[in-house]
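The values are calculated or read from the model by the stated rules, or taken from the named source; none is laboratory data. All values derive from a computational prediction rather than experimental measurement. Neighbour counts run over all protein chains shown; Cβ positions are idealised from the backbone, glycine included. The area values use the complete protein model at the heavy-atom level, side chains included, leaving out ligands, DNA and RNA. Shrake-Rupley method; radii C 1.70, N 1.55, O 1.52, S 1.80 Å.
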Amino acid sequence: MGLTLHEYEAEAERRLPRDVWDFIAGGSGTESMLTANREALDRIRLRPRCLVDVSACDPGTSLLGSRLALPLGVAPMAYHRLAHDEGEVATARAAGETGALFVVSMFASRTLEDIAAAATGPLWLQLYTLRRRDLMTGLIRRAEDAGYRALVLTVDAPRVANRPRDVRNGFAVPDGIRAVNLDGSVMAASHGGQAGESAVARHSREQFDNSVTWADLARLRELTALPIVLKGVLAAEDARLAVKHGIEAVVVSNHGGRQLDFAEPAVDALPEIAEAVSGRCRVIVDGAFRHGADIAKALCLGADAVLVGRPVLWGLAHSGADGAAAVLRTLSSEFEEVMTLMGAVGVRDLGPSGIRRS
């Protein structure tokens, strides 16, 4: 029997340097969201149906033209080489082995091309809006050429929020690890730690364009024919605006508790987002998903798929691609079991009647 996700977490904490662990595990402000996301999921209970023929359950789904073995993807996270030397190449192999989506961060520590060469499943590229728009254009072109299938624009981070652990540790990205897909001069502020300051937050203040509005989406649309996904939507008003601007999917997310403190847990915001878009774009959610049952809960609340973040890094820290794949397989196996016990033959059978919120 393999490790549980909690055991992978404990092993990762034991193996990684303290400042790296705090960078991965920490949240913003009071870190209230680290527990709020989980508590929101725990308040949801499942309502199974019985006497259903579940001899051939199918957890598979399609998302923006890609077939997935289950409605699960790896959330965009920077610098996977902090957890394992192979970094995002190992993550790509793990996602491919398990039939999951992999959303690659623009701050990946391996090249887009190397990641694509290792991948056997669909890849999307995540972007922040930088002041240097030419760099974003170059990344988009490279992603298109390498076969990435969608762009994910993070919209909840006009700057990196105060993350007390990183400030206390004077965290900076180690010199041997870099965002290799971007010009070194643009990323320089992420390196060279100072006591009482987060180099990652300093970099965001220097390089993130916080003047971006809905009008800027038109320019992004002109640059590419790839589907565009907005990540960090928590309000129905913004979901409706996303549809109005032709966005193909939204990710309901509070950035894993790393941006706005005291924000609404993503799973609590999910029903109003799903109702607001009413099938006109796809709905994805992330935030403290730690069990296959959590995936079922999200689908019952209106999500089409779930992204998981930190647990993949825990698996990487434990044993590289094998560990990351084991984490994803655990979630897959649990989800398949929950489907069977819920009386759900396919993912479309998981709807509002399948849950009760306490």
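When each of the peptides 24-34, 45-55, 148-158 is scored by the mean number of other C-beta atoms lying within 10 Å of its residues, the order from highest to lowest reads 148-158, 24-34, 45-55. With both labels modelled 7 Å from their Cα along Cα-to-Cβ, the residue 223 to residue 142 distance reads 1.3 nm.
Taking the DSSP bridge list for the chain and keeping only pairs wholly inside it, about 25 percent are antiparallel. Counted residue by residue at 0.36 nm each, then reduced by the alpha carbon distance between them, the extension gain from residue 43 to residue 340 reaches 104.8 nm. A P(r) calculated from all alpha carbon pairs of the range 272-340, with 5 Å bins opening at zero, reads 4, 17, 23, 20, 16, 11, 5, 3, 0 percent. Evaluated with a Cβ-only charge set (Lys, Arg +1; Asp, Glu -1), the range 117-162 carries a dipole of roughly 180 debye about its Cα centre, given to the nearest 20. Positive end of the dipole of the range 17-112 (Cβ unit charges, origin at the Cα centre): among 37, 102, 89, the Cα lying farthest that way belongs to 37. Each Lys and Arg contributes +1 and each Asp and Glu -1, all at the Cβ; summed about the Cα centre of the chain, the dipole is approximately 480 debye. Accessible surface for the range 1-135, divided over its residues, is 42 Å² per residue with a 1.4 Å probe. Between 289, 220, 307, the Cα set farthest toward the positive side of the dipole of the range 218-311 (charges on each charged residue's Cβ, about the Cα centre) is that of 220.
Counting only other residues whose beta carbon sits under 12 Å from that of residue 271, what net charge do I get with K and R as +1, D and E as -1? Around residue 271, the charge tally is -2. What is the distance in Å between the Cα centroid of the range 140-189 and that of the range 230-251? Each part's Cα centre sits 23 Å from the other's. Using a probe radius of 1.4 angstrom, the carbon and sulfur fraction of the accessible surface of the range 17-116 is 50%. Within the shell of other residues whose beta carbon sits under 13 angstrom from the beta carbon of residue 348, the net charge comes to -3, with Lys and Arg scored +1 and Asp and Glu -1. Local charge for residue 282 was computed over the other residues whose Cβ lies under 10 Å away, with Lys and Arg +1 and Asp and Glu -1, and equals -1. For the range 69-152, a simple Cβ point-charge model (Lys and Arg +1, Asp and Glu -1, everything else neutral) yields a dipole of about 360 debye relative to the Cα centre. Length available on full extension from residue 62 to residue 216: 0.36 nm per residue minus the Cα-Cα distance, which gives 52.6 nm. The helix-only estimate of mean residue ellipticity at 222 nm for the chain, built from DSSP H runs of length n ≥ 4 each weighted as -39500 (n - 2.57), is -12500 deg cm²/dmol after division by the residue total. Spacing of the modelled spin labels on residue 353 and residue 175, each 7 Å from Cα toward Cβ, amounts to 6.4 nm.
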